[in-house]
1. Kindly indicate the residue of the stretch B:132-155 that is open to solvent by less than 50 Å² (accessible area, probe 1.4 Å) and part of a helix (DSSP H, G or I) and also farthest from A:Val296 (Cα to Cα) among those meeting that condition.
2. Could you list, in sequence order, all residues of the stretch A:106-145 that are open to solvent by 20 Å² or more (accessible area, probe 1.4 Å), within 20 Å of A:Ala93 (Cβ to Cβ), part of a loop (DSSP other than H, G, I, E, B) and modelled with pLDDT under 90?
3. Looking at B:Val177, B:Val184 in this structure, which one is at pLDDT below 90 and either open to solvent by 40 Å² or more (accessible area, probe 1.4 Å) or more than 30 Å from A:Leu483 (Cα to Cα) (or both)?
4. When the residues of the stretch A:79-89 are filtered to those that are of a type outside the set (A, V, I, L, M) and either within 20 Å of A:Gln392 (Cβ to Cβ) or open to solvent by 50 Å² or more (accessible area, probe 1.4 Å) (or both), which remaining residue is farthest from the other protein chains (Cβ to nearest Cβ)?
5. Would you mind telling me which numbered condition in (1) open to solvent by less than 10 Å² (accessible area, probe 1.4 Å); (2) away from chain B (no Cβ under 14 Å); (3) in contact with a Ser or Thr (Cβ under 7 Å, 6 or more places away or on another chain); (4) modelled with pLDDT under 95 A:Val157 fails?
6. Would you check which residues across the stretch A:108-164 are in contact with a Gly (Cβ under 7 Å, 6 or more places away or on another chain) and β-branched (Val, Ile, Thr) and list them?
7. Return the residues of the stretch A:204-253 that are among the β-branched types (Val, Ile, Thr) and open to solvent by 40 Å² or more (accessible area, probe 1.4 Å); say none if nothing qualifies.
8. I'd like to know if the stretch B:206-224 contains one or more residues that are hydroxyl-bearing (Ser, Thr, Tyr), farther than 25 Å from B:Gly179 by Cβ and within 14 Å of chain A (Cβ to nearest Cβ).
Amino acid sequence: MLNKIKKILACVLVVASVVSMAVKAIDNTKAKQIVLSFWGTNLPYQFALEGVAEQYNELQDEYEVVIDKQDAGNYRTWMGARLAGGNASDLLATTIVYANTDASNGYLYDLSKHLNEPNPYSESGRAWKDDFAGTYLTQVAYANDTSKFYCVPTSTVSVRIAINTDILTENGIEIPTKDWTFSDFRRISEKLEAKGYTALEIANAKYINYMVSWMIDIMMSQLKYDDITSYDVNENGQVETEEIVRAFTMEENPLNLSNDTDLKEVMEFLKIWSKYWGMGFNSRDDTSENFLRQTVPMMFCGSWSVSGVELTLNNENPEADKTNPYKAFNYISLPFPRLEKENYIDAESSYTFTNLKSGLPLQELGEPSGCFCIPKATAESDKIDGVIDFLQFFTSAKMAGYMAKAAFEIPVIKDVEVNEKMYDYLAPENSESIRMRFNLLNLSDGVAEEYHFKQVQMYLIDEISLKAFCKNIQNKYLEVTELLKEDNGWEW
Amino acid sequence: MESRKNIFKKVNFAPYIMILPIMVLLAIFAFYPLALSIIKSTYRWSGTFDNDTGINTFIGFKNYVELFSDKIFLESWLNTLFFVFTGVAVNLVFPFLCALLIFSIKNEKTSYRWRVAFVAPMVVPSMVVFLLWQFIYDVDVGVINNVLKLLNLSKVDLLGRPESVKWAIRFMGFPWVGGTFLLVYIAGLSSIDNSLREAARIDGASPLRTILAIDIPLSKPQFKMVLTLSVIGEIQDFVKIQTVTEGGPGYSSYVPGLYMYKMAFDSNEYGKACAIGVTMLIVMLLVSFAINKLFKTESAD
C-alpha cells in the first residue's frame with residue numbers, strides 16, 4: 001500500500017514538473033512585463049495611468065506595462081528599500097529630491113543619452129528633451145551634474161485660490177479677476193467674514209502639504225527680483241542647486257537671511273494674514289472638504305486637488321443630505337493675488353513692503369511633477385529598451401493630452417491641450433516661472449526642508465520670534481549649502 | 001581516533017542542531033543589523049553598499065557629537081520623557097483596574113466574555129485607530145468640536161497647538177486598556193494562591209485592603225514586565241505621531257524614533273540615523289537594567 005502511494009506521488013511530481021516547464025516555456029514567448037509603480041489616492045490619475053498602459057500594450061506585443069499603486073504614506077520607504085535591494089519596479093514615480101538622493105547612491109539610470117535623441121512617438125522630429133516646454137526638464141537635472149537626468153517629468157503643478165462664485169454672488173460680492181491684488185482679496189474676505197464665513201482655508205499640517213511655502217516663494221520672488229536675477233549665473237531662468245549654494249557661500253556679499261528685510265517682511269505679512277485663515281491650519285491636511293460642503297468660500301488649492309473636487313461635484317446630490325452632502329456649485333480658480341507696495345489689511349491697518357517694485361510680472365510656481373525614474377537594475381536587464389520606449393510613449397504629446405483630459409494634469413510637453421477645467425491653472429499672461437525657492441526645497445535634504453516647514457509653523461503660532469526664525473533658517477541654509485559644497489567640491 | 005569517536009558518542013548534538021536554524025536566523029536578522037548599525041553610526045553613510053557611489057566615510061563619534069548639540073534631538077527626548085511617564089502611568093493603572101474587575105467576576109462564562117470583549121479590539125489595525133482619533137480631534141468635523149459647538153463654546157485645535165498636542169496624542173487609545181497588558185495582569189491575578197485572599201477575608205480585610213495588601217504586591221512581576229515593556233514601547237513608538245501630526249506643530253510632538261526615520265528615509269543620512277538608533281538602544285538598555293535593579297521580583301515571591 002505504502003509503495004503504491006509512493007509511486008503515485010512520484011508520478012504526480014513528475015507530471016507537475018513537466019507541466020510547470022511547459023507553462024514556463026509558453027510564458028517565455030509572452031510579452032515581458034514592465035511594472036510601473038506610483039503612489040497616491042487620486043483615482044482619476046490612477047485610471048488615466050492604466051489607460052496609458054492599455055494603449056501602449058495594444059500598440060505592441062513585446063512588452064506588457066502593468067500599473068502598480070503603492071500606499072502613499074509608505075512609498076518612500078518602500079521605494080528606498082527596493083532600490084537598495086535591486087528589486088524595484090521597472091519604472092518608479094519619484095520627486096526631484098528623491099531622484100537626486102537615489103542618483104547619488106547610484107540607484108538610477110541616466111536618461112541624458114536618450115533625451116538627446118528624437119522621441120519616436122513625437123511628430124516634431126526634434127530631440128526628446130526639446131519636446132519639454134519651458135524649463136520643466138532642466139529643473140529635474142541632477143543637482144550634482146546638470147548634464148545628467150535621472151528622471152523625467154510628465155506634468156507640472158500650480159497653486160491657485162479657488163473661489164465659490166455662487167456664495168460671492170449670493171452675498172452681492174463682485175467676482176474678482178485674474179489681476180486681483182491682495183487688497184482686493186482682503187476686502188472680499190472682510191465682506192464674507194461679516195456674513196459669518198471663514199473666508200479662506202489653508203492646509204499646513206504636514207510638510208507634504210506645506211502650502212505656506214508656495215506663498216513664501218511667490219512673495220519672495222517679487223521682493224527679491226533683482227537679487228535672484230544676479231544669482232542665476234548661467235542665465236537659464238532657474239537658480240539651480242549649485243547657484244543656491246554659491247549665493248549663500250560666496251565671499252562677496254553672500255545671501256544672509258538672518259538680517260534680510262524682504263524675508264522679515266514676508267513672514268510678518270504672512271503672520272498678519274494667518275489670523276484670517278480659519279482655525280486649525282497647522283493641524284489640517286486638506287481644505288477641500290469644507291470648500292465642497294460650501295461652508296468655506298475660498299481655499300488655497302493645488303492643481304492636484306482639482307480632480308478630487310471635480311469627481312465630487314460630478315457626483316453631486318441636489319438634496320445634499322447626509323448620504324451625500326455635496327451639492328454642485330460654480331467656482332473659479334485665480335492666481336495668488338498680487339502684492340502692492342501698500343496692502344490693505346483692514347479698516348485700521350495696512351502693510352507696506354520696502355523693496356517691492358511695481359510692474360513686475362506675476363511670479364508663478366510651476367514645479368515639474370509626476371516624475372518617473374528607471375532603477376539601475378532595470379537598466380541592466382533585457383527590459384530597458386521597453387522601459388525607455390514606454391517612457392517616450394508616455395511623454396508624447398498624444399499621451400500628455402490624454403493625461404491632461406482624463407486626470408486633470410497640466411502637461412509639460414509642448415503644444416498639448418489641457419482639460420478645460422485646468423485653464424485657470426495655466427500660467428496667466430504677464431507671468432513668469434519662479435526661479436528660486438526659499439524654503440530649502442530640492443537641496444537633496446528632506447530633514448532640512450521639514451526644518452523650514454516647522455520653523456514657519458512655530459513662527460506663525462508665536463512659538464519663536466521673527467529674529468529667531470530668520471537666524472535659524474540662515475543657519476540651516478549655511479549647514480546644508482556648506483555640506484553640498486564640500487560633497488561636490490564646488491569652487492567659485 | 002577512537003577517543004574522538006567516543007566524544008562524539010557522548011555529546012548529544014541533537015539540541016544544538018535543533019537550535020541552529022533559529023540561531024542562524026537571529027544572527028542574520030537581529031545580531032548582524034545591530035552590529036552594523038553600531039558600526040555605521042560612526043560613519044557618514046548614505047545607505048549604499050556600493051563602494052563606487054554614495055557616501056561612506058568614517059567620522060568617529062561626529063554623529064553623536066552633532067546629535068547632542070542638536071536642539072531637535074534634545075527636544076524630541078524631552079517629548080519622549082512626557083510620553084514615557086504618561087504612558088507608563090496609564091499602562092500600570094488602567095489595564096490593572098480592568099483586570100481586577102474581570103477577575104472579580106465569579107461566573108466563568110461572563111468573565112471569559114469580558115476578556116474577549118477587551119482583547120477583540122486588538123485585531124483593529126492601529127492605523128485605523130489613529131485616523132479615527134484624528135477625525136475626533138478635527139477642528140471642523142470632529143466630535144469634540146461639534147459638542148463644543150452645541151454647547152455654544154469656542155472651537156479647540158488640539159492637534160495644532162503645542163500646549164495641547166502631546167496630551168491629545170496621549171489621550172488616543174482611551175481608556176488605555178490594551179489587550180496584552182490586560183491578559184498579563186489577569187494571568188498574574190490568577191496565579192495568586194486564593195487561600196491568601198480567603199485568609200484575609202476571614203481576618204476581616206475589606207476588598208480594598210485585599211487588593212492593596214495581596215493583589216498589588218503579589219502582582220509585582222507583572223507590574224515589572226508592563227513597566228519595562230511600556231518604557232521600551234514608548235521610546236520606540238513613532239507611528240501614531242507620524243500619522244497624526246508628523247511631530248508638529250513645530251517640534252512639539254517630535255520623538256527620536258521619528259527623527260531617526262526622517263534622517264534615514266528623507267535625508268539619506270543613514271549614519272546619523274544609526275547613531276539615533278544606538279542612542280535609543282542604550283537608553284532602553286539602561287532603563288531596563290534600572291527597572292530590574294529597582295524591582296527585584298524575588299522579594300515579591
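1. The selected residue is B:Trp133.
2. A:Tyr107, A:Tyr136, A:Tyr142
3. Just one listed residue meets the conditions, B:Val177.
4. Let us first name the residues in the stretch A:79-89 that are of a type outside the set (A, V, I, L, M), namely A:80, A:82, A:85-87, A:89.
Those left that are additionally either within 20 Å of A:Gln392 (Cβ to Cβ) or open to solvent by 50 Å² or more (accessible area, probe 1.4 Å) (or both): A:82, A:85, A:87, A:89.
Numbers: A:Arg82: 13, A:Gly85: 10, A:Asn87: 14, A:Ser89: 18 Å.
The residue in question is A:Ser89.
5. Evaluating A:Val157 over (1) open to solvent by less than 10 Å² (accessible area, probe 1.4 Å); (2) away from chain B (no Cβ under 14 Å); (3) in contact with a Ser or Thr (Cβ under 7 Å, 6 or more places away or on another chain); (4) modelled with pLDDT under 95 leaves (1) as the failure.
6. Our first condition is that a residue be in contact with a Gly (Cβ under 7 Å, 6 or more places away or on another chain); within the stretch A:108-164, this holds for A:118, A:135, A:153-159.
Of everything in the stretch A:108-164, those that are in contact with a Gly (Cβ under 7 Å, 6 or more places away or on another chain) and β-branched (Val, Ile, Thr) turn out to be A:Thr135, A:Thr154, A:Thr156, A:Val157, A:Val159.
7. First, pick out the residues of the stretch A:204-253 that are among the β-branched types (Val, Ile, Thr): A:208, A:212, A:216, A:218, A:228-229, A:233, A:239, A:241, A:244-245, A:249.
Residues satisfying the conditions are A:Ile208, A:Thr229, A:Val233.
8. Within the stretch B:206-224, the subset hydroxyl-bearing (Ser, Thr, Tyr) is B:206, B:210, B:219.
From the residues that got through so far, the ones that are farther than 25 Å from B:Gly179 by Cβ too are B:206, B:210.
Retained after the next criterion (residues that are within 14 Å of chain A (Cβ to nearest Cβ)): none.
Taking every residue of the stretch B:206-224 in turn, none turns out to be hydroxyl-bearing (Ser, Thr, Tyr), farther than 25 Å from B:Gly179 by Cβ and within 14 Å of chain A (Cβ to nearest Cβ).
The values are calculated or read from the model by the stated rules, or taken from the named source; none is laboratory data. Computed from a prediction, not measured in an experiment: that's the story for all the values here. Positions of Cβ are backbone-derived with ideal geometry, glycine not excepted, and every protein chain shown enters the neighbour counts. We work out accessible area using only protein heavy atoms, side chains counted, and drop any ligands, DNA or RNA first. Shrake-Rupley method; radii C 1.70, N 1.55, O 1.52, S 1.80 Å.
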